[in-house]
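The values are calculated or read from the model by the stated rules, or taken from the named source; none is laboratory data. Here the structure is a predicted model, which is why all the values come from computation and not from measurement. Cβ: placed from backbone, ideal geometry, glycine included. Neighbour counts: every protein chain shown.
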Amino acid sequence: MKRIVLLACCLAVAFLAGAQQPLRVIMIGAHPDDCDLDGGGTAILYAKMGHAVKFVSVTNGDAGHHEMGGGTLAKRRFAEAKEAGRRFGVAYDVLPNHDGELVPSLEVRLEIIRKIREWNADIVFAPRPNDYHPDHRYTGVLVQDAAYLVGVPNIASDTPPLKKNPVFVYFHDHFQKPNPFRPDIAVDITSVFDQKVYALDAHESQFYEWLPWIGGYLKDVPADKNERRKWLAGNRPSRITPEIRSALEKWYGPAAANAKYAEAFEICEYGSQPSTAEIKRLFPMLGK
Ligand SMILES: [Zn+2]
């Protein structure tokens, strides 16, 4: 308890000392590892600066395995998500929708509107609606559908609307049609990459079992726990493409040359449209 009080005091002092109000950040993915992979390093940087971050998985992950499924798998994925959240330093919610069966229904749209409102979000992260996986695609659609309605009082009227429309941004992806991802913002996560891998490592059923099985490389996964974490770091490296390198140079100047790992985001044209100053306020880890 004393440690919590001390931490709260330290954070309060930090903000009173001229720093800005803590930001309210919500990242929304389809599965209990999506936010982790696409925004986990950025989330760690926010959390270390005293900002409040929540991950939401719109499905419970109960289909993503070759040897187990249903409620047993959902419970395991939930426990892994909670442990990952602890390692990232974020809150982690998992909604009770079935994995692989997500549709952009009114019911789920209202769930997402409530989540964004309850968190009083300043910024919302989500996938783009172009993706190989229908759950990813529809999560993108659902969050876009919420982008205007979070401010409309008569929609989900049991939860007060947001007074200010958040900024919505997309996670990075590689899909080209109908248009490729545009890295408006790139965050250098080199300093927290090891912590990101440590947090991803909590998703054992995903990174060491299911994804290697469906990808045909299960035999490559080391048995030893330390060795497999090193393997994971090489397997999921947050690579810097030439476009992301340019975005890093825009935000960090010459220091961008030192970046080994990055996460990139595209500003959604729905929701608030941020100025450069507003982007710097919402991404206080950017270099200049
Ligand atoms: Zn996913």
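The set of residues in the stretch 112-135 being surrounded by fewer than 24 Cβ atoms within 10 Å (Cβ to Cβ) and within 28 Å of residue 281 (Cα to Cα) consists of 114, 115, 117, 118, 119, 120, 122, 128, 129.
Yes/no per residue for (1) more than 16 Å from the ligand (Cβ to nearest atom); (2) not hydrophobic (A, V, I, L, M, F, W, C):
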| residue | (1), (2) |
| --- | --- |
| 138 | no, yes |
| 142 | no, no |
| 153 | yes, yes |
| 156 | yes, no |
| 159 | yes, yes |
| 163 | yes, yes |
| 167 | yes, no |
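With the structure loaded, tell me whether residue 106 is on the phi < 0 side of the Ramachandran plot and more than 14 Å from the ligand (Cβ to nearest atom) or whether it fails that test. Lay out the reasoning, then the answer.
Details: on the phi < 0 side of the Ramachandran plot: yes; more than 14 Å from the ligand (Cβ to nearest atom): yes.
Yes, satisfied.
Residue count for the stretch 119-137 under the criterion of being in contact with a Leu (Cβ under 7 Å, 6 or more places away or on another chain) and under 12 Å from residue 29 (Cβ atoms): the result is 1. Among the residues making up the stretch 50-71, those that are more than 12 Å from the ligand (Cβ to nearest atom), surrounded by 24 or more Cβ atoms within 10 Å (Cβ to Cβ) and of a type in the set (A, V, I, L, M) are 53, 56.
Among the residues of the stretch 123-137, is any among the aliphatic types (A, V, I, L, M), out of contact with any helix residue (DSSP H, G or I) (no Cβ under 7 Å at 6 or more places or on another chain) and under 20 Å from residue 265 (Cβ atoms)? No, the stretch 123-137 contains no residue that is among the aliphatic types (A, V, I, L, M), out of contact with any helix residue (DSSP H, G or I) (no Cβ under 7 Å at 6 or more places or on another chain) and under 20 Å from residue 265 (Cβ atoms). When the stretch 28-42 is filtered for residues that are assigned to a helix (DSSP H, G or I) and hydrophobic (A, V, I, L, M, F, W, C), the ones remaining, listed by number, are 35, 37. Counting only strands (runs of 3 or more DSSP E) that fall entirely inside the stretch 118-235 and contain at least 1 residues that are hydroxyl-bearing (Ser, Thr, Tyr) and touching a residue at least 60 places away in the same chain (Cβ under 8 Å), the qualifying elements are 167-171.
Of the residues making up the stretch 243-271, just one is among the hydroxyl-bearing types (Ser, Thr, Tyr), surrounded by 17 or more Cβ atoms within 10 Å (Cβ to Cβ) and under 19 Å from the mean Cα position of the chain (by Cα), namely 261. Here the condition is being in a helix (DSSP H, G or I), more than 16 Å from the ligand (Cβ to nearest atom), at pLDDT 95 or above and not polar (S, T, N, Q); of 14, 47, it holds for 47 alone. Criterion first (away from the ligand (no atom under 13 Å from the Cβ), of a type in the set (Asp, Glu), at pLDDT 95 or above and surrounded by fewer than 21 Cβ atoms within 10 Å (Cβ to Cβ)) does residue 80 satisfy it? Taking the combined requirement at face value, the residue does not satisfy it.
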